[in-house]
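What follows draws every value from the coordinates through simple rules; no lab data is involved. Note that this is a predicted model, so its numbers are computed, not measured. When we count neighbours, we look across all protein chains shown, and the Cβ atoms used for this are built from the backbone with ideal geometry, even at glycine.
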Amino acid sequence: KDIILDYANGFVSDEEILRLEPQLKTVHRILYEGKDQNVGWLNYPNEYDRKEFEMIKESAEKVRSNSEAFIVIGIGGSYLGSRAVVESISHSFYDNMVVKKNNIEIYFVGNNISGTYLKELMDVLEGKDISINVISKSGTTLEPAIAFRIFKEYMERKYGRKNSKERIYITTDKEKGVLSQIAEEEGYNRFTIPNDIGGRYSVFTPVGIFPIAVAGIDIDKLMEGAQSGVMEYSSDIIKENISYIYGAIRNILYRKGKEIEILVSYEPRLFYLQEWWKQLFGESEGKDGRGIYPSSLSLTTDLHSMGQLVQDGRRNMFETVLNVISPREDIVIRKDEKDLDNLNFLAGKSMDFVNKKAFEGTLKAHVDGGVPNLIINMPKIDEYFLGKLMYFFQKSCAVSGYLLGVNPFDQPGVEKYKKNMFELLRK
Ligand code: PA5
């Protein structure tokens, strides 16, 4: 009934892990002594502003009552966390025009610069009442800024300047940045991003919580899960702390030449959780010429595309499988009198049963093929366990980055493309 890390097939022994204990204790001290400016997320699930949290719930209710669609404008850490939770918890086809279980459609924009994407979204929004949430910590990121300029005009045209203000929510720094000034100047509703929490560690702050609440998802439960993570993953005794064990194993495997980690899932609804995870680890660890390349596979889908490479390609990778013990829904395969498709051997079995056998078979094949496999067992996909799992990953990532000798909280490399782009745009 909890998140469990199984590393029996990880090609790493307990002795190897324990040998890292002194380094881990140092890392633990660095994290908790708070010397680093960006560790506000560590205890945030316990320390968050309760008043703002209630305001978020009220605003979310308001949006749900006056809007049919909600537009989340943000990029990187400013949208992946909420998207991960919304997609993992909501009905698989919630944004399909036909199924509207959540009563509100959520769209994520400002995470690319494609005019086609925005234009076609506007086609979908035709005739619908909408609200928007612009999320940017720096308040200067180009992708969301362009999307906001376009949507601000769209809203003012649709609702008039005064009435549009009620439908625009800004999540940004308390005072820094252009977005903060705009919010002030225009009198928009606003939520604050704590300045000691970086984008990819911000899912439990208003950055993630507001869109998640608008989607009708229980944010109290999400925070409860995160709180349980804060407690459970706080020990500096490595044997007691699976988030440190995971961080340590990644480090050991990396030193053995395993430079690629694949986060594997057998549930399509976890697709954006995998995207969030890639951003968290990629942006935190990939620097100074180092870092594991985080990638993801959706199985069994990708067994028919990338499976061949994993099985027989270069032995420079390991897998971390997110294994959901109980799926949300299941379907039993029935007996067919004629059995023309020869599937009666599965009669009476559920799809999840078959899915789990596919997982076990794949695991054995990949392990036999020389790919270390770690398994993260998760009882089910709900708010509580997602909160706990995401906190688990944040903690592992910080520890893993420090063990690698990099600063897991900065992203200097991201500036390079911006510089070139702005030069080309003659800013
Ligand atoms: O994790 C990070 O810090 C980044 O991915 C940022 O979230 C991303 O670059 C967006 O930044 P901002 O919120 O300032 O617009």
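At-a-glance table
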read-out	value
The chain - charge dipole about Cα centre, Lys and Arg +1 at Cβ, Asp and Glu -1, debye rounded to 20	760
Set of lysines with alpha-carbon distance to LYS158 below 21 Å, sequence-local pairs under 8 removed	LYS62, LYS119, LYS128
Alpha-carbon centroid distance for the pair the stretch 1-58 / the stretch 341-417, whole angstrom	18
Coil-residue GluC sites (Glu not before Pro) of the stretch 163-262, DSSP, other Cβ within 10 Å capped at 12	GLU175
Top of ASP173, ASP352, ASP330 by mean-square fluctuation, Gaussian network on the chain, Cα under 10 Å	ASP330
Reachable lysines, given that their alpha-carbon falls under 24 Å from the alpha-carbon of LYS380 and they are not under 8 places away in the same chain	LYS1, LYS100, LYS101, LYS221, LYS278, LYS349, LYS356, LYS357, LYS364, LYS388, LYS395
Rounded if a/c under 1.5, otherwise prolate or oblate - the stretch 39-172, Cα gyration tensor axes	rounded
Share, in percent, of DSSP beta bridges within the chain that are antiparallel, nearest 5	10
Extension gain from HIS304 to GLU33, taking 0.36 nm per residue of separation minus the Cα-Cα distance	92.8 nm
Helical contribution to [θ] at 222 nm, DSSP H n ≥ 4, -39,500 (n - 2.57), averaged over the chain, rounded to 500	-14500 deg cm²/dmol
Gyration tensor verdict on the chain (Cα atoms; rounded if a/c is under 1.5, prolate if a/b is larger than b/c, oblate otherwise)	oblate
Anchor LYS418: aspartates and glutamates whose Cα lies under 18 Å away (excluding residues fewer than 8 positions away in-chain)	GLU143, GLU283, ASP410
Cα gyration tensor category, rounded, prolate or oblate, for the stretch 320-371 with a/c compared to 1.5	oblate
